[in-house]
Amino acid sequence: MDLEKFEQLEVPLILFGQASAYLKEEMKVKMQLFDGRPLSGSIPKQVTCVIKETQDHAATPRYKKAVLDNGLIIQVPTYIETGEAVVVNTEDGSFVTRANK
């Protein structure tokens, strides 16, 4: 939705590239328009996701694989558990921190 005109605009996901995996309802995004048509889009550099599934941690590794609520797989510290909300860097898909509760 255009926050100045309060008009909705349909945008193809391809304009967001790989970052489209992080899109969520009501997320604020930036769009570049030309003659009222969308040319490109970008999302925030960090988003909050929920850990949908994670492996049990072994004694030695510092990181383990985790599946996010959007289906992407990232590496998280061993202390992160299933169901926790985490902040993810959308540029490289890396774990940033636990999300505030």
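Structure notes:
- Verdict on V47 being under 28 Å from Q8 (Cβ atoms), at pLDDT below 95, out of contact with any Cys (no Cβ under 6 Å at 6 or more places or on another chain) and β-branched (V, I, T): no
- Extreme residue, nearest to V96 (Cα to Cα), among residues of the range 35-69 that are outside any strand (DSSP E or B) and within 12 Å of the chain's Cα centre (by Cα): K45
- Whichever residue in the range 21-44 is hydroxyl-bearing (S, T, Y) and at pLDDT 90 or above and, among such residues, is nearest to G71 (Cα to Cα): Y22
- The residue pairs whose first member lies in the range 1-20 and is under 23 Å from T90 (Cα atoms) and of a type outside the set (S, T, N, Q), whose second member is in a helix (DSSP H, G or I) and modelled with pLDDT of 85 or more, and whose beta carbons are closer than 7 Å, counting only pairs six or more residues apart or on different chains, are L13/S20.
- So K5, is it loosely packed, with under 15 Cβ neighbours inside 10 Å and at pLDDT 90 or above: no
- Among the candidates Q32, Q18, residue that is of a type in the set (S, T, N, Q) and over 17 Å from the mean Cα position of the chain (by Cα): Q32
- Filtered by the rule that a residue be surrounded by 15 or more Cβ atoms within 10 Å (Cβ to Cβ), without any contact (Cβ under 8 Å) to a residue 24 or more places away in the chain and of a type in the set (D, E, K, R), the range 44-101 gives K64, R98.
The values are calculated or read from the model by the stated rules, or taken from the named source; none is laboratory data. Predicted model only: the values in this text are computed from it and were never measured. When we count neighbours, we look across all protein chains shown, and the Cβ atoms used for this are built from the backbone with ideal geometry, even at glycine.
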